[in-house]
1. Any residue in the stretch 10-37 that is farther than 21 Å from Val237 by Cα sitting within a Cβ distance under 6 Å of a residue that is not in a helix (DSSP H, G or I)? List the pairs, counting only those 6 or more apart or interchain.
2. Go through (1) out of contact with any Pro (no Cβ under 9 Å at 6 or more places or on another chain); (2) more than 29 Å from Leu559 (Cβ to Cβ) one by one and return the number of the condition Asn461 breaks.
3. Going by the conditions given, is Asp143 within 29 Å of Val412 (Cβ to Cβ), in contact with a strand residue (DSSP E or B) (Cβ under 7 Å, 6 or more places away or on another chain), of a type in the set (D, E, K, R) and crowded, with 22+ Cβ neighbours inside 10 Å?
4. For the stretch 182-210, name all the residues that are of a type in the set (A, V, I, L, M) and in contact with an Asp or Glu (Cβ under 6 Å, 6 or more places away or on another chain).
5. Would you call Ile489 at pLDDT 95 or above and in contact with a Pro (Cβ under 9 Å, 6 or more places away or on another chain)?
6. Based on this model, can you work out whether Ile243 counts as among the β-branched types (Val, Ile, Thr), more than 26 Å from Ile68 (Cβ to Cβ) and either assigned by TED's automatic domain parsing to the domain that holds Gly415 or not in a loop (DSSP other than H, G, I, E, B) (or both)?
7. Does any residue of the stretch 336-359 turn out to be part of a loop (DSSP other than H, G, I, E, B) and acidic (Asp, Glu)?
8. Suppose we filter the stretch 187-219 for residues that are under 21 Å from the mean Cα position of the chain (by Cα), in a helix (DSSP H, G or I) and surrounded by fewer than 23 Cβ atoms within 10 Å (Cβ to Cβ); how many remain?
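The values are calculated or read from the model by the stated rules, or taken from the named source; none is laboratory data. Since the structure is predicted, the reported quantities are computational estimates derived from the model, not experimental observations. Every residue, glycine as well, gets a Cβ built from its backbone with ideal geometry; the counts of neighbours run over all protein chains shown.
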Amino acid sequence: MKKRWVQAIRANPETTTLLAQDLNIDPSLAQILVQRGVSTFDEAREYFRPQMSKLHDPFLMKDMHKAIERIDKALKNNEKILIYGDYDVDGTTSVALAFSFFSQFTQQIDYYIPDRHKEGYGISTTGIDYAKTNGFSLIIALDCGIKSVDKISYANDLSIDFIICDHHLPGDELPAAVAVLDPKRNDCPYPFKELAGCGIGFKLAQAYCITHNLPAEQYERYIDLVMVSIAADIVPVEDENRILAYHGLIKLNTNPCMGLKALIDITGKNKDYTLTDVVFNLAPRINAAGRMDHANQAVKMLLCTERDLALEQSLIINIQNTDRKNSDQSITAEALALIGECNILINKKTTVVYHEDWNKGVIGIVASRLTETYYRPTVVFTKSNGLLTGSARSVAGFDLYEALLACNDLLVQFGGHKFAAGLTMKPENIDQFTNRFEEQVRATITDDLLTPEIKIDNEINLAQIDGKFQRIIAQMAPFGPHNPTPVFISNGVTFVGQPFVVGTKHLKLSVKQQNSAIFDCIGFGMAEEYALLLQPNKPFSICYTIEENVWKEQKRLQLNIKGIKLD
């Protein structure tokens, strides 16, 4: 698919020059730092070495005092506390964190995760009834609940209190819970709005420890769980998330919780984990439990304290992940065929597909794959409990949530954020929704947003790349949204030797520029570019990231090509 190359606006030259001198680094790297809001030596020190001491005061979050007071009351009166969470990675890590933390102070505690297929997303009547039947008087809900106005009202009628810890956008009315912790509340002064759900749980634990003068280690020990949620939920890696991700990765790579350690051993990659590794190796396996069976399996693994039990649980989850991969590949193929047969995309700026027999647990993955294929806002529906359940995915720069909000009268419920959402509606509304969603997207999206872009940080010469250059880049990690791996462009390069295809679709070649060393390159999924390069001595441009390639214990710098253009 053709991609737009978009180069970042150059930072202030004077600021860049001063920062390069202060840090003794290449000006091209200093420019990237300035573009990312780092313009002084002190700011660079905090950026390169994030400090836990820089976390915000948890009591800046609206209702935090109320939450701690209610928890203290429950502990004093020996009330039964139920930790309630969503069935995805953010939800299961949130439940594992909160359950583990508060289990230090009471044995009157348990956890509950709704069945994706029977109860659906968020707070369920079934879950509240379970709490009532089993004598729970306080529910701490994590990664869900912000729009569960009617469910919280039902719980109040049963004399069950709720503390909501959520990070999704609220509706017009907040639920009548004892405390609603959500930085996205309009009246919440908390300075950072983009914590993951597990991050909200972490702040609750932090606040409890501050209130009771407990050592920070009692909540910081769970920072690897928070990091996994940050990676999986694709929240911005800045501010507190950067601090939590940075230290969470250190813990993951040195002393992870037993459940994560067992899962790491199953994946075959057992060291030097990055956020990207978490996204592709750990998160899908944790998610698979809730997609294919019940997310309790994931929580059980994350709570394991014995090695053998953790390994046993991780093996179960790994099998579920294999089943998940087979299922989503099959459904994706069916969806692509359906799109082709029905000409669904003719003159359309959206993709909406439906089949009543698709697995509800994997339609989110299918929606992502269709978005990658056709690059337009996408909704995939299946049938569940008499309603249509959908997963929606957006393209970069387009607010999916607002588009769905314009269709709200056709929906039973929906929730999510700018780039991903879940929704349910009555079957008879599918055609009207498809048309309304198309109309809303067509009226608000630009043509540029329907073409994927490569964001380029800076133009450099290949001669600038050496070991020190790469070490500085490595210190800019962890990489993710709002702090991506730097992408460079180099013009006038030529290939050395002969390009060739690795496997069936990956491009391998070596390039050089005048006065530069020769660099090996890999272009994943770029075999179609091979014909462009079959012109010796004809210069071309590449955009790429720089990485270390390890082969037979030998490390060598390699360019990971993102795009190629003939000069």
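1. Listed by first residue and then by second, the contacts come to Thr15/Ser39; Ser28/Asn458; Ser28/Ile460.
2. (2)
3. So Asp143 passes the test.
4. Once the filter is applied, which keeps residues that are of a type in the set (A, V, I, L, M) and in contact with an Asp or Glu (Cβ under 6 Å, 6 or more places away or on another chain), the stretch 182-210 yields only Ala196.
5. Judged against the criteria, Ile489 is not a match.
6. No, not satisfied.
7. yes
8. 0
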